[in-house]
Amino acid sequence: MTASTPKGPAKAAKKTARPASAEPVLLSGGNPQIAKGDGDAPVQAYIAAMPGWKSEAGRRLDALIVRTVPDVQKAVRWNSPFYGIEGQGWFLAFHCFTKYIKVTFFRGASLHPLPPVDSKDKNTRYFHIHEDEQLDEELVANWIRQAAALPGWIP
């Protein structure tokens with residue numbers, strides 16, 4: 001049985017030439033370079049490779065998403081974890097920057113209250129997770145619930 005993504009059935013994972021012991025490359029801002037892949041395994045590889053405090057923050061965010069949307073589909077695209085609903089598209093992604101983690105809600109302009117950071121895309125909104133800031137899990141879970149119920153982004 002193969003995992004499926006919000007866009008359709010997953011393709012079989014490709015083997016990489018990189019030795020298993022090799023550490024992932026960190027791109028600009030410390031974002032891990034993780035191969036495109038479907039399912040939980042590449043997302044967990046991304047989270048494990050997040051530098052410093054960001055790895056724990058990523059683990060907590062991933063767990064919150066799974067608790068809030070138990071049937072969530074996961075994938076790594078463009079060196080970022082993506083979360084979506086089968087047949088609806090992606091509703092959330094996150095990405096490491098030097099001083100914060102950017103959490104993207106692709107239909108964030110439809111969420112209430114609005115996530116605090118706007119985007120060039122009128123539909124997208126963001127919030128940032130900074131080191132030593134307490135995450136308001138109730139608010140973030142509310143945004144996740146709302147976002148998962150909306151039609152998602154399909155690239």
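The values are calculated or read from the model by the stated rules, or taken from the named source; none is laboratory data. Model, not experiment: these values are computed from the prediction. Glycine also receives a Cβ, built like all others from the backbone with ideal geometry; neighbour counts cover every protein chain displayed.
Quickly run through region 30-63 and pick out the residues that are in contact with a strand residue (DSSP E or B) (Cβ under 6 Å, 6 or more places away or on another chain), part of a helix (DSSP H, G or I) and not β-branched (Val, Ile, Thr).
Gly30, Asp40, Pro42, Tyr46, Ala49, Lys54, Ala57 - these are the residues of region 30-63 that are in contact with a strand residue (DSSP E or B) (Cβ under 6 Å, 6 or more places away or on another chain), part of a helix (DSSP H, G or I) and not β-branched (Val, Ile, Thr).
Here's a check for you: in region 109-122, which residue that is in contact with a Ser or Thr (Cβ under 9 Å, 6 or more places away or on another chain) and more than 14 Å from Gln146 (Cα to Cα) is surrounded by the most Cβ atoms within 10 Å (Cβ to Cβ)?
Ser119
Would you check which residues across region 143-155 are touching a residue at least 24 places away in the same chain (Cβ under 8 Å) and either farther than 25 Å from Ser55 by Cβ or out of contact with any Phe, Trp or Tyr (no Cβ under 9 Å at 6 or more places or on another chain) (or both) and list them?
Looking only at region 143-155, we keep the residues that are touching a residue at least 24 places away in the same chain (Cβ under 8 Å), and these are 143-148, 150-155.
Within region 143-155, Arg145, Gln146, Leu150, Pro151, Gly152, Trp153, Ile154, Pro155 qualify.
Being at pLDDT 95 or above and over 23 Å from Asn31 (Cα atoms) narrows it down to one residue among Trp90, Trp143; which is it?
Just one listed residue meets the conditions, Trp143.
Being touching a Ser or Thr at 6+ places or on another chain (Cβ under 6 Å) and either of a type outside the set (D, E, K, R) or modelled with pLDDT of 95 or more (or both): is that true of His95 here?
On the way: touching a Ser or Thr at 6+ places or on another chain (Cβ under 6 Å): yes; either of a type outside the set (D, E, K, R) or modelled with pLDDT of 95 or more (or both): yes.
Judged against the criteria, His95 is a match.
Looking at His128, His95, which one is free of Cβ contacts under 8 Å to residues at least 40 places away in the same chain, closer than 17 Å to Gly29 by Cα and surrounded by 13 or more Cβ atoms within 10 Å (Cβ to Cβ)? Give the derivation first.
Working: His95 fails: free of Cβ contacts under 8 Å to residues at least 40 places away in the same chain.
From the options His128, His95, the qualifying one is His128.
List the strands (runs of 3 or more DSSP E) inside region 64-134, counting only whole elements, that have at least 1 residues being among the aromatic types (Phe, Trp, Tyr).
Details: elements: 73-77, 80-85, 89-96, 100-105, 125-130.
Output list reads 80-85, 89-96, 100-105, 125-130.
On the basis of being surrounded by fewer than 17 Cβ atoms within 10 Å (Cβ to Cβ), modelled with pLDDT under 95 and more than 27 Å from Ala149 (Cβ to Cβ), does Ser55 make the cut? Can you show your working first?
Working: surrounded by fewer than 17 Cβ atoms within 10 Å (Cβ to Cβ): yes; modelled with pLDDT under 95: no; more than 27 Å from Ala149 (Cβ to Cβ): yes.
No: the conditions fail for Ser55.
For region 78-92, which positions are out of contact with any helix residue (DSSP H, G or I) (no Cβ under 9 Å at 6 or more places or on another chain) and surrounded by 21 or more Cβ atoms within 10 Å (Cβ to Cβ)? Reasoning before the result, please.
We begin by selecting, within region 78-92, every residue out of contact with any helix residue (DSSP H, G or I) (no Cβ under 9 Å at 6 or more places or on another chain); these are 78, 86-87, 89-90.
Within region 78-92, just Trp90 meets the criteria.
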